[in-house]
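Some notes on the structure that comes next.
What follows draws every value from the coordinates through simple rules; no lab data is involved. Everything numeric here is computed off the predicted structure, so don't read it as measured data. Note that each Cβ is placed from the backbone with ideal geometry, even for glycine, and that neighbours are counted across all protein chains shown.
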Amino acid sequence: MHDRSTHLHWHGQDGPRLIAGDAGDLPAIRGLLASLPCDAYGQVFVEVFGPIQVERLDAPGGMNITWLCRDTRRSEERIGAGAAKGESLVRAIEAWLDEWVRVDPDGRSDAMLWIGCHANPRVNRLCQSIAIP
């Protein structure tokens with residue numbers, strides 16, 4: 001499913017979960033985390049400008065939460081600058097997909113993905129490139 005507010009791919013029910021977004025997605029991310037079963041496992045990536053935006057998120061014990069602060073990350077596109085909006089998030093999502101989804105030689109996965117940050121062209125391009133049967 002895809003709507004104006006999120007890129008949402010639900011495939012399978014028991015596999016790893018990826019929830020990824022930015023500071024504007026925090027209310028939705030909180031709701032998603034609250035709805036997960038207690039045995040859920042996976043990764044949450046939240047891209048923010050800096051550490052001042054980092055907040056406590058309640059999640060099942062198997063969900064790892066990583067805050068991606070743009071001001072402390074190097075840009076691969078802009079020399080001497082912090083990461084551009086969406087840049088760190090896309091790199092993190094790509095790495096997670098490589099580890100959890102793309103390693104299956106049959107192209108199948110029970111991964112559950114929720115990707116926000118819908119206004120970002122980098123994230124939109126990534127979501128268009130994700131093909132989950």
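Computed values, structure above
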| read-out | value |
| --- | --- |
| Charge tally in the Cβ shell below 13 Å around residue 57, where Lys, Arg are +1 and Asp, Glu are -1, residue 57 excluded | -1 |
| Total formal charge among the other residues, if their Cβ is under 15 angstrom from that of residue 41, Lys/Arg +1 and Asp/Glu -1 | -3 |
| Formal net charge of residues neighbouring residue 116 (Cβ-Cβ distance under 9 Å; K, R +1; D, E -1) | -2 |
